[in-house]
Structure formats: structure tokens, C-alpha cells
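One structure is given below, encoded as C-alpha cells.
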Amino acid sequence: MTAFLCSLALGIQTIEEHMNKFFVPDEIYEDRIAICKSCVYYFKPTGTCKDCGCFMKIKARLAPMECGQKKWQKTTKIEAPDDLPQEIIDEILDMWKDLKTGRAKDVKAKKRMIETYNTIFMTNYSPGTNCGSCISTCFDGIKKLYNKYNG
């Protein structure tokens with residue numbers, strides 16, 4: 001996506017209109033995350049999966065996602081919340097310490113920001129992108145959410 005289209009896409013609708021509405025209900029999320037936490041591939045310090053590299057607090061919340069080890073499957077049971085799930089809000093608040101200067105602290109922080117942005121806004125920015133406009137779009141979206149939930 002060109003820098004112009006990236007900027008245009010964010011300007012057309014509000015953040016709330018972009019929010020992903022494909023989150024699983026709390027009971028499915030809790031089951032999935034419990035399975036992850038008991039798995040040998042779960043890396044507790046970062047909450048990521050050593051098999052797929054995903055942040056499991058986010059992946060486990062999304063209905064169309066499934067475990068790469070086939071320990072849990074995608075589901076069609078979804079809910080359309082009025083707001084983001086708490087674990088995604090917590091993820092935004094936690095990652096901000098690595099973004100607050102206006103620049104990601106490191107490659108890992110940039111990847112986390114872009115993957116979280118993609119999850120919330122149903123976009124497909126490459127976590128490895130170096131496109132300044134794409135990174136800026138992701139940063140601005142996360143910043144707006146941080147400001148909304150940091151109260």
C-alpha cells in the first residue's frame with residue numbers, strides 16, 4: 001500500500017469504525033489462553049508462542065485464528081463488543097513504554113505495535129516494514145487508543 005493510500009485509509013473512518021469485531025467470547029478466550037499457558041511452546045516472559053511467534057493474548061482473542069499446533073481451532077462464535085477486550089487494552093498500555101518517544105525502542109517493539117494495530121484495525125501491514133508512512137499510521141492509531149484508555 002502506498003504511503004498516500006495508507007494515510008487516506010486511516011482518514012476515511014474513525015478508529016472505532018475500524019475496530020475488529022471478530023473477538024471470541026470471554027469463555028473461549030480463557031480456554032484458549034489456558035491451553036497456551038500450559039504448552040511447551042509458550043514463552044511466559046513475553047507471552048508469545050515459540051512456534052508461531054504471535055502474542056497469545058491477542059491471537060487467542062481472535063475468532064478466525066487457530067493454534068499452529070492444533071491445540072485449539074478457529075471458531076465462528078464471535079461477539080461484537082462496544083469496546084476492545086481488556087487484554088488488548090492492557091497490551092496497548094504496556095507497549096506504550098517502548099513507543100512513547102515517538103519511535104519504537106527496538107525491532108521487537110515495532111513488530112508488537114504493527115501486529116497489535118493489524119489486529120485491531122483489520123489491516124495487513126508487514127511487521128518488518130520500514131515504510132515511514134505505514135509505521136506512522138500504526139503509531140498514530142496506537143497512540144490514539146493509548147490516550148483513550150490511559151485514564
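The values are calculated or read from the model by the stated rules, or taken from the named source; none is laboratory data. None of the values given here were measured: they were computed from a predicted structure. All Cβ positions, even for glycine, are placed from backbone atoms using ideal geometry, and neighbour counts span all protein chains on display.
Before moving on, here are some points about what is shown:
- Checked across segment 118-137, the condition of being touching a residue at least 12 places away in the same chain (Cβ under 8 Å) and in a strand (DSSP E or B) holds for no residue.
- Sole residue being at pLDDT below 90, surrounded by 13 or more Cβ atoms within 10 Å (Cβ to Cβ), of a type in the set (A, V, I, L, M, F, W, C) and not assigned by TED's automatic domain parsing to the domain that holds ALA34, chosen from ILE114, ILE92, ILE88: ILE88
- When the residues of segment 102-111 are filtered to those that are in a loop (DSSP other than H, G, I, E, B) and not hydrophobic (A, V, I, L, M, F, W, C), the one that is surrounded by the most Cβ atoms within 10 Å (Cβ to Cβ) is LYS105.
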